[in-house]
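The values are calculated or read from the model by the stated rules, or taken from the named source; none is laboratory data. This structure is a prediction, so every number in the text was calculated from the model and none was measured. Reconstructed Cβ throughout: ideal geometry from the backbone, glycine too, with neighbour counts over all protein chains shown. When the accessible area is computed, the model is the full protein with side chains, heavy atoms only, and any ligands, DNA or RNA have been set aside. Shrake-Rupley method; radii C 1.70, N 1.55, O 1.52, S 1.80 Å.
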Amino acid sequence: MSEQTRVRFEVVDGIGVITVDNPPVNALGPGVPEGIMAALERGEADSGVKAMVLMGAGRSFIAGADIRQFGKPRPAPARRTYDVLDQAGKPIVAAIHGYALGGGLENALACHYRIAVPSAKVGLPEVNIGIIPGGGGTQRLPRLIGPKAAVEMIVSGRHVSAAEAKTLGIIDEIVAGKDLRAEAIAYARRVADRRPLPRVRDMTHKLAAAASDAGLFETVRKSIARKARNQKAPYHCIAAVEAATREPFEQGIQTERRLFSELENSDEARALRYAFFAEREVTRIPGLSKDLVLPEIKSAAVIGAGTMGGGIAMCCADFGIPVKVLEASPEALAKGMQRIRDNYAISVKRGSLEQAEMEQRLPRIQPVDSYQAIAECDVVIEAVFEEMAVKKEVFAKLDAVIKPGAILLTNSSALDIDAIARATRRAPQVAGAHFFSPANVMKLLEVVVGEQSAIETVAAAMKLGRAIGKISVYAGNCDGFVANRSRAPFNTEMNLMVEEGASPEAIDQVMVDFGYPMGPFAVSDLAGLDISYASRKRRAAADPGYRKLPIPDRLVELGRKGQKTGAGWYRYDPSDRTPHPDPEVQRIIRETALAMGIEQRAFAGDEILRRLLFSSVNEACKILEEGKALRASDIDVMWLHGFGFPRYRGGLMFWADRVGSRAVCDQVEAWYQRYGARWQPSSLLRDVARRGGDLREIKSASIQAI
Ligand code: NAD
């Protein structure tokens, strides 16, 4: 498409209307800035044009830069739209609908007036991809709304509603009418003769306020210290806004450009861009064509209102899907419903949910007492006890009553999906929908594909996940599926290192320093040590060769089940959740290691980090080798959204590539020699390492086939 067709220019009643038309979201891809500049020049040159309007066709104003351009060599533009806008001699009105983000808002800020529809959203979210706004946003926004509000908006990268944007002073007027174009033309006519032109670059009075608030930027730096650790972009955002308060406009623009270019190819920007694209890639699944007709999902049922079932019902209600809840007994049902009400009430109390919103959501969750009552639901999500016999019984009952064409999903964590599907006569409509705890909070949904699951079922389950705010990722049917299976060796190694002398607090510290919000032992205490205790017992009973973990077993047997009992790997005071190292745990560790004949030794931080993560990288390669995951990048998405892996490190496999596939493989080989079978290297890891390739590029054979 040529730049002429990406940007249209027409004159209506003496107003030049510049319309960006670059589907789907009018990103500032190649040709768009040039098109805007050409249109501006036509408007300037045309004496019949008194003022101009800049707007977007389709869904949005301009949703931002084209992210694919970042990190690639590209010539510096001879001119920028912002400079051309600055030099304009006629008033220019940005008319915003949909999104004005990043470069989109920066263009609007370089216009003289901004109007928006009530549903519009604006923001400078560049920090989320590891950079800062690079089109003058860090210099104009503080001039327009003051440095305090500007630095908050730019550092958080959040979307701001039209109403808030009006209060802040970003938007001059919210237009209520249905026809934004007509409103914008009328507005432009009203301001056509006003002089001088209000150029944001010349507005300095709000900057003066910063001078009286000397500590502003230091306070912001301190407030983000925890969340932004190991990252540069949030600090560069602050530095750029600070420059706006200290330097003349043109010099501030130079500072912004310098800070931007320092970040564009930084490790964190690469990792964040990778994560952004990996999240988009997960929606592509083999065999899925655009014209496939998917079963529509307008109503849902959840079986089992325990920890997970309750959370899943809340997810449906939160996103407007009416959901019926069925339990094993009236008591269990009452208890489950009460927990749902309590959870919502806590959110209201914390201020994260409006009372009125809760009152809309709660009635969408309807308790029922028979299978008959859910017969017409479009999807059923089963979340009963993790026992094959119970699951089979439930699926046989579902098969008997649920309408044909509905999809039947199990939230099992590890059971064989095929065996569950065989309890029905409609295996093609059965798949796994593995949520993570707490289900109403965690973003990851693994859609587990059975041998007979139809592509329509899988696609509908993935779509349902997205409709309820999840990131759905395709997973093959194997023990632990993909996310937990790739994480399992990490869990083993953390326990074995404790036996060998690394303290839980040392291991936690290494992982927090790496970027996790909490260390793995603190997380175990939060989740409750009894869950993994029970699963170890089950596994030990089934497998005589199973390697027991006597230390966490002993903790549970002593009643130390984690935070809920005031003690686990750590000790907790009744009043708060801060983990305190406990000499009692140290004693248990020493005694157990002695009894097992394991010598305790010192560990370097890097050894801890590598032993935890390399074990999982090796397992992830085995999963890919077996075709149980579609792409290495899918596993990265799972780690980001299921396990709190720091996003600015891209994901497990992206991080491993930073170390280098060969270095990872060499270490895995060495640990295989030292520790034996559990470190058996994946042949795929060996292959990739041998050719010096990237692990994150691995795709399973089935996806290469499409
Ligand atoms: P839970 O014990 O909290 O809840 C299970 C609920 O199912 C109970 O309320 C029980 O009364 C009900 N139930 C049992 N048999 C039933 C039947 N025949 N009909 C209707 N209801 C029945 O367990 P949970 O932690 O919510 O786990 C549920 C499922 O989710 C399991 O398959 C589990 O493996 C899986 N899962 C759990 C987690 C987690 O962290 N807890 C995470 C992912 C998946």
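Quick notes on this structure:
- Taken residue by residue, segment 264-271 has at least one member that is of a type in the set (Lys, Arg), open to solvent by 70 Å² or more (accessible area, probe 1.4 Å) and under 23 Å from the mean Cα position of the chain (by Cα).
- Of all residues in segment 502-532, those that are more than 30 Å from the chain's Cα centre (by Cα) and not aliphatic (A, V, I, L, M) total 1.
- For segment 437-449, the set of residues classified as away from the ligand (no atom under 13 Å from the Cβ) and open to solvent by less than 10 Å² (accessible area, probe 1.4 Å) consists of 447 only.
- Some residue of segment 394-414 being within 13 Å of the ligand (Cβ to nearest atom) and modelled with pLDDT under 95: yes
- Residue in segment 367-375 that is touching a helix residue (DSSP H, G or I) at 6+ places or on another chain (Cβ under 7 Å), within 16 Å of the ligand (Cβ to nearest atom), of a type in the set (A, V, I, L, M, F, W, C) and at pLDDT 95 or above present: yes
- Test: residue in segment 229-240 that is surrounded by 12 or more Cβ atoms within 10 Å (Cβ to Cβ) and at pLDDT below 95: yes
- Residue 305 vs. criteria open to solvent by less than 30 Å² (accessible area, probe 1.4 Å) and in a loop (DSSP other than H, G, I, E, B): yes
- Pairs, first more than 20 Å from residue 545 (Cα to Cα) in segment 665-678, second assigned to a helix (DSSP H, G or I) and open to solvent by 50 Å² or more (accessible area, probe 1.4 Å), C-beta under 7 Å, six or more apart: 665/686; 667/610
- In segment 377-424, residue surrounded by the fewest Cβ atoms within 10 Å (Cβ to Cβ) [restricted to those that are of a type in the set (D, E, K, R) and more than 33 Å from the chain's Cα centre (by Cα)]: 403
Residues checked against (1) within 16 Å of the ligand (Cβ to nearest atom); (2) among the aromatic types (Phe, Trp, Tyr); (3) not assigned by TED's automatic domain parsing to the domain that holds residue 459:
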position	(1), (2), (3)
275	no, no, yes
283	no, no, yes
286	no, no, yes
291	no, no, yes
311	yes, no, no
315	yes, no, no
318	no, no, no
326	yes, no, no
334	yes, no, no
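- Breaking point among (1) of a type in the set (D, E, K, R); (2) in a loop (DSSP other than H, G, I, E, B); (3) over 29 Å from the mean Cα position of the chain (by Cα), for residue 628: (3)
- Residue in segment 450-463 that is within 13 Å of the ligand (Cβ to nearest atom) and of a type outside the set (A, V, I, L, M) present: no
- Strands (runs of 3 or more DSSP E) fully within segment 84-172 that include at least 2 residues being crowded, with 20+ Cβ neighbours inside 10 Å and in contact (Cβ under 8 Å) with a residue 60 or more places away in the chain: 92-96, 113-116.
- Leading residue by the ranking (nearest to residue 306 (Cα to Cα)) among those in segment 425-436 that are within 9 Å of the ligand (Cβ to nearest atom) and not in a loop (DSSP other than H, G, I, E, B): 435
- Residue in segment 319-337 that is outside any helix (DSSP H, G or I), under 30 Å from residue 454 (Cα atoms) and of a type in the set (D, E, K, R) present: yes
- Residue list for segment 531-575, filter: at pLDDT 90 or above, exposed (fewer than 14 other Cβ atoms within 10 Å of the Cβ) and not in a loop (DSSP other than H, G, I, E, B): 541, 557
- Lone unmet requirement of (1) at pLDDT 95 or above; (2) open to solvent by 10 Å² or more (accessible area, probe 1.4 Å); (3) closer than 28 Å to residue 220 by Cβ; (4) of a type outside the set (Phe, Trp, Tyr) for residue 65: (1)
- Test for residue 684: is it touching a residue at least 40 places away in the same chain (Cβ under 8 Å), outside any loop (DSSP other than H, G, I, E, B) and open to solvent by 10 Å² or more (accessible area, probe 1.4 Å): yes
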